[in-house]
Amino acid sequence: MYHNMKKTLFLMMMMAVAITSAVSLSSCSNDDDDENVSLSKFTVDPAATTLTPGDTLNVKVQFFPENVSDKSVVWTTSDPEVATVAEGMVIAVKPGEATITATPAAMPSLAKTLSVSVTSKAITASGDVYGTWDAYSTVAVTGQIRVPAGKSLIVEEGVQVIFNSADTSGSGIEFTVDGNIYCQGTPEAPILFSVPASERTFSNVTDCKNLWGGVMLNNQSAEAEALFDNCILEYAGSAMIETSPSVVSGIYTAGEDYGVQITTGPQFKGSLVVTNCIIRNGFADGIYMQGGKAIITHNTFSGNGATGGEAVNVKAGTSSLVAYNIMYSPNTNGLKLSSSGQDDASGRGQAKCVAYNNTIINAGWRRDGTKGGCIYVEKNILVNVFNNLMVNCKYRAQVPKWGDPGVKSGCDDKSVIDYNCYASSAIVSTLQQDIDDETTVPYLNYVSNKNYADAVDAHSLISKAANDLGLAFANYPIDSNKLSNALYDEAWNFTATKLPTGATDNAALTSIVQTSLTLGGKTYTADAPQAFFGASRK
């Protein structure tokens with residue numbers, strides 16, 4: 001009996017072990033199933049969206065079944081310049097199209113996409129404007145606009161400011177700045193000031209049609225600041241009439257003047273920096289200064305002026321540094337330097353200008369008659385002009401009444417106009433006015449003219465025959481591009497590959513003007529002169 005009981009107990013123990021093992025195995029099996037639940041479906045929401053630059057979007061994802069153990073997702077974008085993504089957060093950067101892809105790590109084959117369309121923010125402007133125009137916005141200007149005194153406007157990269165050609169009174173729409181303005185574009189996303197695309201034709205420039213009035217800087221405070229960095233300013237030049245804001249404020253005269261891309265009025269006493277900009281296709285000057293301090297560097301001017309006009313024109317009450325600019329086909333001069341207005345009722349002081357390492361091409365050939373040609377200096381201005389490269393220009397630097405300085409006469413006799421290079425190719429003018437005047441070949445006019453002076457360009461290099469100075473550019477048809485052509489080819493490259501020597505690196509010549517200006521807390525310093533001619537060389 002004891003034996004039977006022992007056997008029974010043994011059998012019961014074995015059964016308990018078996019049951020326990022079975023339970024354990026069953027438990028292990030269930031845990032393994034939970035850890036390896038496979039992903040059967042994966043979704044993103046939304047599947048498409050439209051955003052404006054700066055907008056954000058949290059993309060929702062869903063896993064089926066919900067108890068999958070691995071819910072990690074890899075996020076990618078097809079174009080990070082349009083839209084970025086991190087952990088499901090999409091940020092719109094600039095206008096364009098991008099595809100956001102969400103890839104579940106548990107099963108990459110179930111990846112889903114989100115189509116993102118980034119469009120410009122639309123702004124309509126008229127009247128007072130200040131604050132910030134956000135990056136990549138499109139601003140439609142429907143009436144006269146003004147930054148009020150005591151206010152500032154910040155214009156971010158990629159903004160397009162498009163002006164209707166006139167307001168309801170028929171005045172060209174002007175951009176008056178009585179406060180401060182900071183236009184900070186980038187090389188990849190410059191700021192554009194223009195007219196509608198359909199009106200961007202050079203025939204509108206020459207006919208003075210469908211043009212806006214330009215930027216008018218009129219802040220009377222010595223602390224005024226105006227910055228244009230990586231901007232494109234084009235198709236300004238509307239005729240001034242009695243109702244034009246610049247006529248009302250006394251900057252221009254009705255029936256005589258035309259809007260300039262950038263103007264400082266006679267009451268402007270602040271600081272202007274224009275750098276890395278394109279200033280083109282205007283009826284009048286590119287920049288016209290009647291007051292204030294300026295640094296104008298590393299810009300490209302082209303097609304400025306229809307019946308007159310310069311790339312840069314300075315008058316009394318100004319102090320300017322102009323360096324490392326390309327000035328292509330100005331109607332009259334690349335640089336018009338004068339202290340005109342020094343004796344007017346406003347009491348503006350003597351103008352001062354330092355201009356070096358600029359490249360001026362085809363200046364003066366679109367101007368009727370014998371005016372203009374590359375650099376013109378007059379009326380008591382104090383200048384130091386050196387290291388500039390003039391190419392196929394109509395005349396070399398002209399200084400009427402040198403040695404007879406005075407407000408009504410020549411420039412200050414402490415000025416230096418020297419160490420420049422005047423290069424000429426075999427190209428000739430085909431305009432009848434030049435043929436009649438026997439001024440078809442540039443180098444003929446480099447040698448002599450009634451407005452030259454013996455004290456000017458004593459050490460400069462001056463062509464006396466076609467291609468005698470050995471100048472060559474990286475990409476510019478110096479022997480075939482018409483002297484009267486005003487249209488700039490973006491493929492041109494004015495980096496000099498062959499350049500004669502004779503320039504100076506005398507930085508002391510810059511000391512008569514400010515070489516640094518601080519705007520918006522940032523200091524802008526002009527590059528020092530280098531001992532080569534023109535804006536750039538290899």
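Just how much of Lys482 is accessible, in Å², when a 1.4 Å probe is used and the result is rounded to the nearest 10?
Here the residue's solvent-accessible area equals roughly 120 Å².
Could the peptides 186-195, 404-413, 529-538 be put in order, highest first, of the mean number of other beta-carbon atoms found within 10 Å of their residues?
My ranking of the peptides, most packed first, is 529-538, 186-195, 404-413.
Calculate the dipole size of the range 274-410 relative to its Cα centre from +1 charges on Lys and Arg beta carbons and -1 charges on Asp and Glu beta carbons; express the result in debye to the nearest 20.
100 debye
Averaging sequence separations of C-alpha pairs under 8 Å and six or more residues apart, then dividing by the length of the chain, give the relative contact order as a whole percent.
8 percent
What are the extents of the Cα atoms of the range 270-349 along their three principal axes, listed from largest to smallest and rounded to whole Å?
Here the Cα extents, ordered largest to smallest, are 34, 26, 14 Å.
Please give the Cα centre distance for the range 475-529 versus the range 329-351, rounded to the nearest Å.
21 Å
Once every DSSP H run of n ≥ 4 in the chain is given -39500 (n - 2.57) and the sum is divided by its residues, what mean residue ellipticity at 222 nm do you get, rounded to the nearest 500 deg cm²/dmol?
Computed mean residue ellipticity for the chain: -3000 deg cm²/dmol.
Rolling a 1.4 Å sphere over the protein heavy atoms, what is the accessible area per residue of the range 331-395, to the nearest Å²?
21 Å²
Tell me, what does the Kirkwood hydrodynamic radius of the range 379-538 come to in angstroms if you use every pair of distinct C-alpha atoms?
Working: mean 1/r = 0.0573 Å⁻¹.
For the range 379-538, inverting the mean 1/r across all distinct Cα pairs yields 17.4 Å.
If you average the sequence gap of Cα pairs under 8 Å that are 6 or more apart and divide by the length of the range 243-391, what percent do you get for the contact order?
The normalised contact order for the range 243-391 reaches 18 percent.
Tell me the carbon and sulfur percent of the accessible area for the chain, rounded to whole percent, probe radius 1.4 Å.
51 percent
Under 12 Å Cα-Cα from Lys315, which aspartates and glutamates qualify once same-chain neighbours fewer than 8 residues away are excluded?
Partners within reach: Asp343, Asp344, Glu378.
In the chain, if the dipole is taken from +1 on Lys/Arg beta carbons and -1 on Asp/Glu beta carbons about the Cα centre, which of Tyr443, Pro104, Tyr235 is farthest to the positive end?
Result: Tyr443.
Taking the Cα centre of the range 74-222 as origin, work out the dipole magnitude from +1 charges on Lys and Arg Cβ and -1 charges on Asp and Glu Cβ, in debye rounded to 20.
140 debye
Once Rh is set to the Kirkwood radius over Cα pairs, what Stokes-Einstein translational diffusion coefficient, in µm²/s, holds for the range 422-502 at a temperature of 10 °C and a viscosity of 1.306 mPa s? Walk me through the intermediate numbers first.
Values: Rh = 14.2 Å.
Calculated translational D: 112 µm²/s.
Let me spell out the model: positive unit charges on the Cβ of Lys and Arg, negative unit charges on the Cβ of Asp and Glu, origin at the Cα centre of the chain. What dipole size does that give, in debye rounded to 20?
580 debye
Hey, could you grab the Kirkwood Rh for the chain? Inverse mean 1/r over distinct alpha carbon pairs, Å, one decimal.
Over the chain, the inverse of the mean reciprocal pair distance is 26.6 Å.
With 16 Å as the cut-off, how large is the P(r) tail for the range 484-538, expressed as percent of Cα-Cα pairs?
When every Cα pair of the range 484-538 is considered, 63 percent fall beyond 16 Å.
Cα atoms only: what Rg and Dmax, in Å, come out for the range 161-227?
14.1, 40
Would you mind getting the Kirkwood hydrodynamic radius of the range 332-435 from its Cα pairs, rounded to one decimal in Å?
Numbers: mean 1/r = 0.0697 Å⁻¹.
About 14.4 Å, per the Kirkwood formula over Cα pairs.
Does the range 202-325 come out rounded, prolate or oblate by the C-alpha gyration tensor, with a ≥ b ≥ c the root eigenvalues, rounded set by a/c under 1.5 and, if not, prolate when a/b is larger than b/c and oblate if not?
Because a/c hits 1.5 or more and a/b fails to exceed b/c, the range 202-325 counts as oblate.
Write down Rg/Rh for the range 90-190, rounded to two decimals, with Rg from the C-alpha atoms and Rh from the Kirkwood relation over Cα pairs.
With Rg and the Kirkwood Rh in hand, the quotient comes to 1.21.
What residue among Gly54, Ser120, Ile427 has its Cα farthest toward the positive end of the dipole of the chain, where the charges are +1 on Lys, Arg and -1 on Asp, Glu, each on the Cβ?
The listed residue farthest towards the positive side: Ile427.
Taking only Cα atoms, what is the 0 to 90° angle, nearest 10, from helix 2-35's long axis to the longest principal axis of the chain?
On a 0 to 90 degree scale, this one is about 20.
Report for the chain the percent antiparallel among DSSP-assigned beta bridges with both residues inside it, nearest 5.
Of all bridge pairs located within the chain, approximately 25 percent are antiparallel.
For the range 99-203, what does the relative contact order come out to in percent, with C-alpha contacts under 8 Å and a separation of six or more?
22 percent
The values are calculated or read from the model by the stated rules, or taken from the named source; none is laboratory data. Everything numeric here is computed off the predicted structure, so don't read it as measured data. We place every Cβ from the backbone using ideal geometry, glycine too, and count neighbours over all the protein chains shown. The area values use the complete protein model at the heavy-atom level, side chains included, leaving out ligands, DNA and RNA. Shrake-Rupley method; radii C 1.70, N 1.55, O 1.52, S 1.80 Å.
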